Structure formats: structure tokens, C-alpha cells
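I have placed the structure first, in the form of C-alpha cells, so that the comments after it can refer back to it.
No lab work stands behind these numbers, since they all come straight from the coordinates. None of the values given here were measured: they were computed from a predicted structure. So basically every Cβ, Gly included, is an ideal-geometry build from the backbone, and we count neighbours across all protein chains shown.
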Amino acid sequence: MDTNPHLLAVAERLFYERGFMATGMDALAKAAGMSSRTLYKHAGSKTDLIVAVLEARDRRFFALIDRPSVAALFGAHETWIATEGAHGCLFLRALGETGGVDPTIAGVVLRHKERLHKCIARMVQAHTGRRNAVTAQQILLLFEGAVAASAWQGVKAVRAASRAATQLLEAQ
């Protein structure tokens, strides 16, 4: 399916601000300036639209963190907050709001989180010169915690997590 880029942007904004379940297809159609029929033509089902939004967000996120550095990862999140806002992790929200029972949504979330974990593992290896699964997991948890806490603390949470991640790496 080739989802309309304008619809994707509108849907992502509404899902992020209001939630997946609280955002109905009629509200999406109205916000996108299209009829319900046109919305369904472009989006398919709501599940298809959620998947398309998450896949687009995944591409944008990983394009932003293309540098192999833990400091760059946290710095990219600060940039993300400045441009996208801070309402927590859209992927985890999708999983939580849908109960994890839809295999297509759960699959997109799992692929994103696995990709993030592998990316952080490569960053740790680049910094230390060796693989360290424990440190990679710890930094992943610091990053995920910073994403969640930034919803109420803003960049302060990201900076604190970044300092902790740097201390972990320097202790290696």
C-alpha cells in the first residue's frame, strides 16, 4: 500500500498527541482534509495506518541516529524532542494501547526495538573495541527511560541518562 505522505504526517501527529485508540478514523479524515472514503483508499484499515505510521517513524528515527556514538544517540533524542515533542515512545504506546494482540503492530514494534538494541550494541562496541551485551542492555534501558521521562522532564531526563551512559562506557 502506498500511504499518502500528508495522511501519514497527520495520523502520526494525532496518534502521538491523543493516542491510537482515542483517535478515530473520522477524526483522521477531518484532520487530513479528506473524506472517509478517500482515507480508507489511502490507508486501508486503521491497523494498516498504524503500521505505516510506525514504519515511517522508524525510518525517520534511524536516519537521525546514523552516527555510531552513544553521545550522538542521546543528542539525537534531544533534537527529536525539539522537533517532535515528548509524549513517550510511540512504539510502546502502540503496543500498550492495542494490548500487543495484533501481530502486525506487535511485529513493527519488536523490529524497531530490536534494531535499536543492535544499534546501541554497535555503538558500545565502537567505543570500547569489544562486544558487551550487558552494557548495551544498560544503555538501552537508560535511553528508553529517558524517552519515557522526557514526557514530563523534557531534555533534562535525556541529559541525565546521557551522562549515566557515558559513565558506563568510561568504566569499561
Folded to 0 to 90 degrees: helix 155-170 orientation relative to the chain principal axis, Cα: 40 degrees
Helix 5-18 axis, angle to the chain major axis (alpha carbon atoms, nearest 10°): 70 degrees
Phi-based couplings in Hz for the stretch 96-110 (Karplus 6.51, -1.76, 1.60; Gly and Pro marked x): x, 5, 9, x, x, 8, 8, x, 6, 5, 4, x, 5, 5, 4
Reach of LYS113 by Cα under 20 Å, taken over aspartates and glutamates that are not fewer than 8 positions away in the same chain: GLU12, ASP48, GLU55, ASP58, ASP66, GLU78, GLU84, GLU97, ASP102, GLU144
Global geometry of the stretch 83-172, whether rounded, prolate or oblate, following the gyration tensor of its Cα atoms and the 1.5 cut on a/c: oblate
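Hey, got the dipole for the chain? About the Cα centre, +1 on K and R Cβ, -1 on D and E Cβ, debye to the nearest 20? Walk me through the numbers before you get to the answer.
On the way: 21 positive and 15 negative charges, 58 e Å.
Here the chain has a charge dipole of around 280 debye.
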Where Rh is the Kirkwood radius over Cα pairs, Rg/Rh for the stretch 1-88: 1.04
In Hz, Karplus ³J(HN,Hα) per residue of the stretch 43-48 (6.51, -1.76, 1.60; θ = phi - 60°; x = Gly, Pro): 9, x, 9, 5, 4, 4
Whole-Å semi-axes of the ellipsoid equivalent to the stretch 40-136 (Cα gyration tensor, √5λ, descending): 28, 16, 11
Kirkwood Rh in Å, taken over the chain so that all alpha-carbon pairs contribute: 17.0 Å
